[in-house]
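What follows is a short report on a single structure.
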């Protein structure tokens, strides 16, 4: 545990200057940290590519904050195009003048204007219509913003950081990204964040980091995380990447007791519990036998029910027990029967 703690501290130290620490020891994570530091030193626009939940927003914020001198104020504004009504996008980005046809009786500054001198993060640009993609492209070329209902354009000095969820070439082929915008963004500095499933060596450090973070927020001591729990988490696919892992770790911390990190029930199967029992016995560690046996028995019964199409009579015969005993175990172990699954 002491060795592991030193490793975690060493890895976190690499990102200690970041507003949002990038945790991991994989080669791709180390390269990502280097890229962030390099981009922070210039004002070039950047394109960040990665699946949902890999931390594209955190990368953008780190680029901005590391590029801002101590005591210096440079605004950081962000907009997620996947959650915005396409009709609202233009007014949010560019603002509007009071008194125009169909416009409110007030003046509103747009996002680009508000962020002048700083950074604007445009998340998931592929979610915008081609009409609005063209307007964003025009801004990229002209670096000037004109409010809706106005005839005057204001010069804007900002760094743009744009994110997409997959290779821009694929988005062009899927007709989700304009060719002209794709060509323009080829001039941007590019960062590709690999999915979590491709860098499993980062998972133990992330689990420890998120667990300690929540324990600190809850005012409780750090939890002991055994190798069996880490093994289960490393074997998951993590479709939502770091975001999903953090949610599971947070849930595990809330499930925990007696100072031990406890995985949520849906991630624990009988195979995991058998390995854990054997390892704990071999290492002379404490464990709750009844709980382990329940998990193992539940897994066996569920597999038997699935094998026989949830026919309880056949499953009971296969398991060498009466139907009455099987029904008792279904209730005690909270196992869904065929009736509840329909």
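Below are the figures for this structure:
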{"quantity": "Among (1) out of contact with any strand residue (DSSP E or B) (no Cβ under 6 Å at 6 or more places or on another chain); (2) at pLDDT 80 or above - the single one residue 260 does not satisfy", "calculated": "(1)"}
{"quantity": "For residue 181: the one exception among (1) within 21 Å of the chain's Cα centre (by Cα); (2) part of a helix (DSSP H, G or I); (3) surrounded by 20 or more Cβ atoms within 10 Å (Cβ to Cβ)", "calculated": "(1)"}
{"quantity": "Residue 253 surrounded by fewer than 17 Cβ atoms within 10 Å (Cβ to Cβ) and either modelled with pLDDT under 95 or touching a helix residue (DSSP H, G or I) at 6+ places or on another chain (Cβ under 9 Å) (or both)", "calculated": "no"}
{"quantity": "Condition check for residue 203: at pLDDT 95 or above, under 30 Å from residue 257 (Cα atoms), surrounded by 14 or more Cβ atoms within 10 Å (Cβ to Cβ) and touching a helix residue (DSSP H, G or I) at 6+ places or on another chain (Cβ under 6 Å)", "calculated": "yes"}
{"quantity": "Matching option when the condition is surrounded by 18 or more Cβ atoms within 10 Å (Cβ to Cβ), free of Cβ contacts under 8 Å to residues at least 40 places away in the same chain and either over 21 Å from the mean Cα position of the chain (by Cα) or under 21 Å from residue 197 (Cα atoms) (or both), among 242, 220, 225", "calculated": "225"}
{"quantity": "Residue in the range 139-148 that is part of a loop (DSSP other than H, G, I, E, B) and out of contact with any helix residue (DSSP H, G or I) (no Cβ under 7 Å at 6 or more places or on another chain) present", "calculated": "yes"}
{"quantity": "Exclusive hit being crowded, with 16+ Cβ neighbours inside 10 Å and closer than 23 Å to residue 119 by Cβ, set 188, 210", "calculated": "188"}
{"quantity": "Some residue of the range 150-168 being assigned to a helix (DSSP H, G or I), under 30 Å from residue 236 (Cβ atoms), in contact with a strand residue (DSSP E or B) (Cβ under 8 Å, 6 or more places away or on another chain) and modelled with pLDDT of 95 or more", "calculated": "yes"}
{"quantity": "Unmet requirement for residue 175, which otherwise passes all of (1) surrounded by 19 or more Cβ atoms within 10 Å (Cβ to Cβ); (2) part of a loop (DSSP other than H, G, I, E, B)", "calculated": "(1)"}
{"quantity": "Inter-residue pairs, beta-carbon under 6 Å, first touching a residue at least 60 places away in the same chain (Cβ under 8 Å) and in the range 172-197, second assigned to a strand (DSSP E or B) and surrounded by 14 or more Cβ atoms within 10 Å (Cβ to Cβ), 6+ apart", "calculated": "185/47; 188/46; 188/47; 189/46; 190/47; 191/48; 192/49"}
{"quantity": "Total residues in the range 61-70, condition modelled with pLDDT under 90 and in a helix (DSSP H, G or I)", "calculated": "0"}
{"quantity": "Within the range 28-60, tally of residues that are surrounded by fewer than 20 Cβ atoms within 10 Å (Cβ to Cβ), touching a residue at least 24 places away in the same chain (Cβ under 8 Å) and part of a helix (DSSP H, G or I)", "calculated": "6"}
{"quantity": "Meets criteria (over 28 Å from residue 124 (Cα atoms), in contact with a helix residue (DSSP H, G or I) (Cβ under 6 Å, 6 or more places away or on another chain), at pLDDT 95 or above and part of a helix (DSSP H, G or I)) for residue 208", "calculated": "yes"}
{"quantity": "Residue, farthest from residue 109 (Cα to Cα), within the range 71-98, restricted to residues that are modelled with pLDDT under 90 and in a loop (DSSP other than H, G, I, E, B)", "calculated": "71"}
{"quantity": "Residue satisfying all of: in the range 66-78; surrounded by fewer than 17 Cβ atoms within 10 Å (Cβ to Cβ) and in contact with a strand residue (DSSP E or B) (Cβ under 8 Å, 6 or more places away or on another chain); farthest from residue 128 (Cα to Cα) among these", "calculated": "74"}
{"quantity": "Filter result (over 18 Å from residue 181 (Cβ atoms) and either surrounded by 16 or more Cβ atoms within 10 Å (Cβ to Cβ) or touching a residue at least 24 places away in the same chain (Cβ under 8 Å) (or both)) within the range 121-153", "calculated": "146, 147, 148, 149, 150"}
{"quantity": "Near pairs, Cβ below 6 angstrom, 6+ apart or cross-chain, from the range 318-337 (over 15 Å from residue 302 (Cβ atoms)) to any residue that is at pLDDT 85 or above and exposed (fewer than 12 other Cβ atoms within 10 Å of the Cβ)", "calculated": "323/313"}
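The values are calculated or read from the model by the stated rules, or taken from the named source; none is laboratory data. Values in this document were obtained by computation on a predicted structure and should not be read as measured data. Backbone-built Cβ (ideal geometry, glycine too); neighbour counts: all protein chains shown.
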